[in-house]
Amino acid sequence: MKEHERQDQVSMNLIANLPMKALEARGIRKEVAEYYGVRTEINEENGEDKAYYYPLTINKEVVGYRRRTLPKSFMNVSHTSLKGAKLDLFGQYVVPEGRKYLLITGGQDDMLAAFQMLVDS
């Protein structure tokens, strides 16, 4: 295993152990973040949210995370290259087979907010 692959695997393990909590900066409740497996990195200096990690999946298996460093900077973290990979739609891995409807949103936070809105209605 190459050094950068080892570092990426360590990163994946660290991310997988981050807490799932409310995305306070986005108004998303904890139970919604937990349902979709979104993890939060906390700034140790001030206790505020530092980054959110959204699971990236292929065939419903987590293969990496999309990191959103607050307020709005993105990067992917995975143990292998995702270039050219056919990723599932975000959140697709929690949807039971055979559903009839699809709600398309502009991004992960929009999808979480839409789900929260539908649950509340």
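Each reported figure results from applying straightforward, stated rules to the coordinates on display, with no laboratory input. Since the structure is predicted, the reported quantities are computational estimates derived from the model, not experimental observations. Quick reminder, even Gly has a Cβ in these numbers, built from the backbone with ideal geometry, and neighbours come from all protein chains shown.
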Inside the range 104-121, can you point out the residues that are in a loop (DSSP other than H, G, I, E, B) and loosely packed, with under 10 Cβ neighbours inside 10 Å?
Ile104, Gly106, Ser121
In the range 51-72, is there at least one residue being over 16 Å from Leu14 (Cα atoms) and buried (at least 18 other Cβ atoms within 10 Å of the Cβ)?
yes
Within the range 24-55, residues out of contact with any helix residue (DSSP H, G or I) (no Cβ under 6 Å at 6 or more places or on another chain) and among the aliphatic types (A, V, I, L, M) come out as Ala25, Ala33, Val38, Ile42, Ala51
Go through the residues of the range 36-49 one by one and say whether even a single one is in contact with a strand residue (DSSP E or B) (Cβ under 6 Å, 6 or more places away or on another chain), of a type in the set (S, T, N, Q) and over 13 Å from Gln108 (Cα atoms).
yes
Exactly one of these conditions fails for Asp88: (1) in contact with a helix residue (DSSP H, G or I) (Cβ under 9 Å, 6 or more places away or on another chain); (2) surrounded by 14 or more Cβ atoms within 10 Å (Cβ to Cβ). Give me its number.
(1)
Per the list (1) touching a residue at least 24 places away in the same chain (Cβ under 8 Å); (2) closer than 27 Å to Glu97 by Cβ; (3) not small (Gly, Ala, Ser), residue check on Glu31 breaks on (1)
Would you tally the residues in the range 13-30 being closer than 13 Å to Glu41 by Cα and either among the aliphatic types (A, V, I, L, M) or not in a helix (DSSP H, G or I) (or both)?
11
